[in-house]
Structure formats: C-alpha cells, structure tokens
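Notes follow once the structure below has been shown.
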Amino acid sequence: MFRNKSGEFSWVDFTIDVLRVLIVLAVVVGAWNTLSSGRISLAQWVNLLAAGLSQGSIYALIALGYTLVYGILLMINFAHGEVFMAGAFTTFFFAEALNRTGFLNEQPLLAILLMILFAGLVSMTVAVLVERIAYRPLRGSPRLVPLITAIGASFFLQYAFRGLYGSSFKAYPQVRALQGAVQIGDISIPVAQIFVFCSALVLMIGLHWLVERTRIGKAMRAVSENKEVARLMGIDIDWVILFTFGVGGFLAGSAGVINGLFRPQGVNFYMGFIPGIKAFTAAVLGGIGNIPGAMLGGLFLGVIEAIGPNLVLAGLGIPGANQLKDVIAFTMLVLVLIFRPQGILGERLSETKA
Amino acid sequence: MALLEVNDIHTFYGNIHALKGVSFEVDNAEIIALIGSNGAGKTTTLRTISGLMAPRGGNIVYDGREISSTRADLLVARGISMVPEGRGVFAKLTVEENLDMGAYVRTDDDVSEDLDSAFEMFPRLQERRKQFAGTLSGGEQQMLAIARALMSRPRLLLLDEPSMGLAPVLVDVVFEAIQRIASEGVTILLVEQNAHMALQIANRGYVLQSGEVAISDTAANLQQNEVVQKTYLGID
C-alpha cells in the first residue's frame with residue numbers, strides 16, 4: 001500500500017487507497033445504521049430486490065447489444081440507447097391500435113408478444129441501417145472515428161424520431177392482466193415485475209441458444225476471435241457484423257416494449273439516453289464483450305440501484321436517498337473499475353482487445 | 001490445363017513492394033512447394049491467392065477463371081482453402097465447433113461424414129472434440145487447422161508453414177497427413193521454411209527470393225541444385 005510499482009511512496013496511490021478505505025467505511029457504516037435501526041422490514045427488502053431485478057433485466061437486455069457489438073468490432077455503439085428508443089416509441093402507436101380494437105385486453109399475452117416482435121423488428125432495422133450507412137464505410141479507420149460517428153448517429157436518431165412522432169411523452173395503454181400483485185405471505189410482488197423479469201429471461205435464453213448452438217452464432221464467435229481466419233472459413237464478415245447489430249437491436253427493441261408497458265410517464269424521443277448509459281455501465285460492470293457478463297452486470301446494477309440508496313445512503317442520514325440511485329449506479333462503476341478493471345466476468349484485456 | 005495460374009502478380013503492403021512479378025502454375029493433383037527465406041514473399045503469395053490481399057498488378061486464374069479480385073470468403077466455396085501461418089484455430093471454440101466452421105460454406109448433408117473422416121485422420125482430435133481449441137498443444141492445433149481446412153472439401157489446399165514450431169515427430173505426422181490428402185486428389189500448394197521436408201513430398205518446387213521466383217524445377221532436381229542445397233537445405 002501507498003507505494004507505486006517501483007516501491008517508492010506515491011501521493012496518487014496514497015490518495016486512491018485512502019479513497020478506497022473511505023468508500024468501504026461509508027458502505028459498512030451506512031448499511032449497519034440502516035440494518036440496526038430496522039426501518040425497513042424484510043418484506044420491503046424483498047420488494048426492493050424484485051424491483052431491482054426487474055429494472056436490471058431491462059438494463060441487461062440493452063447491455064447485451066453493447067457487448068455483442070463490442071465483442072465483434074471493439075467499438076462502443078453509442079447510438080444503441082436510441083435503437084432501444086426507436087422500438088419503444090414506434091410500438092406505442094401499434095399498442096394504441098391494438099388497444100382501440102380491444103385486442104390488447106382480450107388476448108394480452110398474444111398482443112404483448114406481437115408488440116415485442118414488432119418493436120424488435122423496428123429496432124433491428126434501425127440498428128442494421130446505422131451499421132450499414134454510418135459504421136461500415138468507416139471500418140478500418142482509427143477507433144475514435146466510429147466513436148464520434150456513433151454519438152452523431154445517436155443525436156440524428158433522437159431528432160429524427162422527434163420529427164416523426166413529436167416531442168411529447170406518450171404513455172402506453174394499460175394492460176389489465178398485468179396489474180395487481182402476487183401475494184406470498186406478507187410479501188407482495190407486482191405482476192408487472194415478474195412479467196418483465198420472465199420475458200427478459202426468455203430472450204436471454206434465446207440469445208444463449210443462438211450464440212452457442214447455431215451455425216451463425218458460432219460464426220459470430222469466430223469473427224469476434226479472428227476476422228481474417230473467419231474469412232478463410234468462407235464466412236462473410238460484413239454479413240455477420242450486420243447480423244450482430246440486428247440481434248442487439250432486436251433485444252433492445254424488446255426491452256423497449258417491456259419497459260414502455262410499465263413507464264407511467266410514457267415514452268418519448270429522449271427515453272433512450274439514460275437507459276443507454278446505464279446499460280453501457282452494466283456491460284462494463286460485467287466485463288464488456290462478455291455475454292453472461294452483460295446479463296449479470298445488468299441485473300447487478302438494477303439490484304444495487306434499488307437497494308443501495310436505502311441501505312447505504314439512508315443509513316448515512318442523506319435525505320431523499322432514493323433520488324440518488326444514479327449516484328449509486330455510477331459509483332459502482334467507478335468502484336468496479338478501480339478494483340477489477342476488466343469487469344466482473346471479463347478477461348484481462350490483452351493487447352489484441354485493448 | 002493448370003488448376004492455378006499465377007501471372008506476374010505484384011502485391012504491396014502499403015508502399016512496400018512485397019511481390020515483384022511472381023509467376024507459377026499448379027497442375028491438378030500436384031504438390032507444389034514454395035520455398036525461400038524469411039521475407040521472400042511466400043506468405044504474401046498465399047495471402048494473395050486466397051483473396052486476403054489483392055494484387056495491384058498481374059492476374060490469378062483458377063479453374064479457368066480470373067480470381068485476382070475475388071473476396072476470400074467467396075473463394076472458399078469455389079474450392080480454395082487455406083491453413084494460415086500460425087494455425088489460426090479459434091481458441092474459444094471447441095474442436096468440433098472449429099471443424100464446423102470449416103464446413104461453413106457447405107450446404108450438403110455429408111458434413112458429419114467428413115467430420116468422421118477428419119477424426120479418423122487425426123484420432124487425437126476426436127479425444128478432444130469437446131475441448132476448447134486454445135487448450136490443445138501446438139501439434140494438435142496444426143492437425144485441427146488442417147482438418148478444418150479440409151471440411152470445405154477444397155480442390156486446392158494452401159498450407160502456410162505447417163511444420164513451424166512443431167517437434168520433429170509431429171512434423172512427420174503432419175507431412176504424412178499432407179501426402180495422404182494429396183493422394184485423395186487434393187492439389188496442394190505448400191509454403192515451407194523446412195525445405196528439406198517440403199521437397200521430399202513435392203512434385204515440383206519454386207524458390208522465391210525477395211519477391212521474385214528465382215528457381216523453378218522438379219523437386220528432385222531442386223534437391224540436387226547447388227544453390228538450393230547451400231541456401232535452403234544446409235548442405236555445403
């Protein structure tokens with residue numbers, strides 16, 4: 001401690017170490033205060049956990065898109081939050097139509113399945129178009145170039161959709177079947193949260209099957225490992241990259257609907273920004289480029305966001321702790337990057353990946 | 001007619017003129033050895049034929065058709081398969097998945113038969129079929145790379161330094177496999193630093209020197225050639 005690699009005393013290392021100790025102390029003291037005061041009952045903790053898992057599974061679905069693209073191109077697709085928005089925003093009109101005909105409440109499961117498919121396809125189309133038009137021509141250029149382009153694409157999509165659908169918030173119609181709660185003893189968990197978690201789980205199992213079992217999934221892994229050798233296998237690299245963007249887009253669009261159904265404030269053109277940043281955080285937390293890492297990172301971030309403020313911040317006597325969940329989220333990112341730079345499941349970045 | 005005709009190709013890395021007008025031909029069912037020292041342009045020649053690099057001048061005719069600017073992935077379906085230098089196995093895919101990737105362009109139903117014959121040729125791979133390729137030894141990786149290249153059922157197999165980094169006993173295994181592949185009618189273009197081994201199994205050979213073909217002859221004559229003996233076979 002307090003020494004740099006050559007064994008000399010270093011103020012920078014000293015400061016970082018002091019910070020580490022302070023952060024750990026703050027977490028321990030805050031958690032101890034909260035737990036010993038007994039302000040929050042077990043049932044409430046379980047509720048927070050369920051809410052966190054439900055929010056986290058949305059993050060996980062979006063995070064997968066970041067991690068898939070990074071795994072194959074070593075590029076952060078900063079327009080991915082907007083891909084999520086595109087599906088969610090467009091599907092609002094589809095949901096309205098389904099609601100007007102009454103189909104949404106007569107056949108809620110089928111209707112939601114249709115909406116998820118619809119949003120997935122919309123987001124997939126947007127993701128694929130962005131790759132084809134904005135990223136592919138820049139392949140092989142220095143890494144800063146596609147990064148700036150991605151930020152540009154992100155703004156373009158936001159304002160294009162504002163132009164298309166207007167800037168007001170639009171709330172999805174309510175689905176009666178998804179209201180209410182499941183009661184287990186004195187714990188009640190909203191049906192909505194169970195639904196979100198289960199649909200995300202199904203999508204993630206689907207992705208796992210795709211990547212591990214199908215030929216195109218193996219080709220995705222082969223391309224991410226060595227593009228040149230993949231070409232020697234007869235794999236069309238450009239097609240596999242496009243497919244990867246499409247899969248990431250589909251997951252983001254599905255997440256958009258699953259999220260949109262339970263956003264009381266509604267969807268708008270700007271809704272992708274914060275979830276996009278959070279999902280990116282989740283992907284980094286889990287180890288970017290690593291698929292199980294993105295799933296785990298998303299769930300982890302959701303749970304920490306839900307439990308952290310009540311456990312740590314409230315215990316330290318900070319007022320309005322729940323409004324500070326973003327602080328917790330990004331503090332977690334900094335902490336993970338300090339203690340485990342490669343993320344929870346990530347491998348150490350080798351020269352080829354760094 | 002030759003299966004492969006390379007006519008006066010010029011290939012560049014940026015501004016570096018790596019191939020300065022290389023010409024040679026490969027007939028059906030031949031084993032051709034390309035020998036030469038480091039930097040002579042052997043690997044570049046294979047990369048240009050396989051479509052990984054495009055020549056700036058000259059042309060390549062394969063099976064009667066010009067392929068100089070055809071993408072590598074399209075040439076695989078036309079029957080050109082390459083084992084890259086350093087093997088290039090997918091470390092995070094299992095042995096079986098690697099072989100499956102070799103058969104990526106196949107649309108027929110006989111892939112599993114070919115998988116069996118790959119395992120028959122290299123029984124070591126069968127024992128390790130569920131293992132990640134990254135956990136294999138160097139020799140096993142080379143066997144995997146060769147077996148994988150065969151999974152596309154090539155007519156022309158390009159081999160880049162298959163003996164590199166292998167223990168002598170494994171070099172023998174690999175060269176026996178190459179001979180067996182050739183005896184089944186696959187045409188082979190073999191790049192080797194180990195000129196001694198290469199000329200033993202080849203029909204004809206070409207010696208590359210600073211991006212040009214310096215000598216071309218039958219393998220038997222090359223083995224007797226004084227320059228070749230001195231420079232590449234270590235015989236004084």
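Quick notes on this structure:
- For segment A:42-306, with +1 on Lys and Arg beta carbons and -1 on Asp and Glu, the positive-most of A:Ala219, A:Gly266, A:Gln44 along the dipole: A:Ala219
- Taking 0.36 nm per residue of separation and subtracting the current Cα-Cα distance, fully stretching the chain between B:Gln179 and B:Ser210 would add 8.3 nm.
- Label point 7 Å beyond Cα of A:Arg176 along Cβ direction - residues of segment A:104-129 with amide nitrogen under 12 Å: A:104-108
- Cβ-Cβ FRET estimate between B:Lys92 and A:Leu147, R0 fixed at 25 Å, reported to 0.05: 0.45
- Highest GNM mean-square fluctuation among A:Ile194, A:Ile338, A:Ile184, for chain A modelled with Cα contacts below 10 Å: A:Ile184.
- Choice from A:Asn268, A:Asn259, A:Asn33 showing the highest fluctuation, given a GNM over chain A with Cα pairs closer than 10 Å: A:Asn33
- Chain A: calculated mean residue ellipticity at 222 nm from DSSP helix runs of at least 4, using -39500 (n - 2.57): -23000 deg cm²/dmol
- Overall, the anisotropy analysis places the protein assembly as shown in the prolate class: the square-rooted eigenvalues a ≥ b ≥ c of its C-alpha gyration tensor yield a/c not less than 1.5, with a/b exceeding b/c.
- Comparing B:Gly185, A:Ile116, B:Leu166 along the charge dipole axis of the protein assembly as shown, the residue lying farthest to the positive side is A:Ile116, per the Cβ-charge model.
- At R0 = 60 Å, FRET efficiency that the Cβ-Cβ distance of A:Phe93 and A:Phe14 yields, to 0.05: 0.55
- Antiparallel bridges, percent of DSSP beta bridges restricted to the protein assembly as shown (to nearest 5): 60
- Order of B:Phe24, A:Phe155 - criterion: other Cβ atoms within 10 Å of each residue's Cβ, fewest first: A:Phe155, B:Phe24
- Cα centroid separation - segment B:188-230 against segment A:34-53, whole Å: 77
- Hydrophobic, long helices, defined as DSSP H runs whose alpha-carbon span along the helix axis is 18 Å or greater and whose mean Kyte-Doolittle value is at least 0.0, occur in chain A at A:11-37, A:42-73, A:80-100, A:108-130, A:144-165, A:191-213, A:237-260, A:273-286, A:291-308, A:325-339.
- Cβ-based exposure ranking for B:Leu75, A:Leu301, in which fewest neighbours within 10 Å come first: B:Leu75, A:Leu301
- Test item: A:122-131 mean partner chain Cβ contacts at 10 Å: 0
- The mean sequence separation of alpha-carbon pairs under 8 Å and at least six residues apart, normalised by the residue count of segment B:132-203, gives a relative contact order of 36 percent.
- Cα centroid separation, segment A:70-109 to segment B:31-70 (Å): 49
- Cα centroid separation - segment A:213-252 against segment B:101-158, whole Å: 20
- Averaged over the residues of A:43-49, the number of partner chain Cβ atoms lying within 10 Å of the residue Cβ comes to 0.
- When only Cα pairs below 8 angstrom with a gap of at least 6 residues are kept, chain A shows a relative contact order of 33 percent.
- Averaged over A:232-243, number of beta-carbon atoms from partner chains that fall within 10 Å: 6
- Under the simplified labelling scheme, the B:Ala167-B:Asn28 pair shows an inter-label distance of 4.2 nm, with each label point 7 Å from Cα along Cα→Cβ.
- Chain A: C-alpha gyration tensor shape, a/c 1.5 cut-off, then a/b vs b/c: oblate
- B:Tyr13 versus A:Gln107: modelled label distance in nm, points set 7 Å from Cα along the beta carbon direction: 6.2
- Nearest-20 debye value, segment A:42-306 charge dipole, Cβ charges on Lys, Arg, Asp, Glu: 380
- Ranked by how many other Cβ atoms sit within 10 Å of their own Cβ, fewest first, the residues A:Phe9, A:Phe93 fall in the order A:Phe9, A:Phe93.
Bear in mind that the values in this text are calculations on the coordinates, not laboratory data. Quick caveat, the model's predicted, so the values are computed rather than measured. Note that each Cβ is placed from the backbone with ideal geometry, even for glycine, and that neighbours are counted across all protein chains shown.
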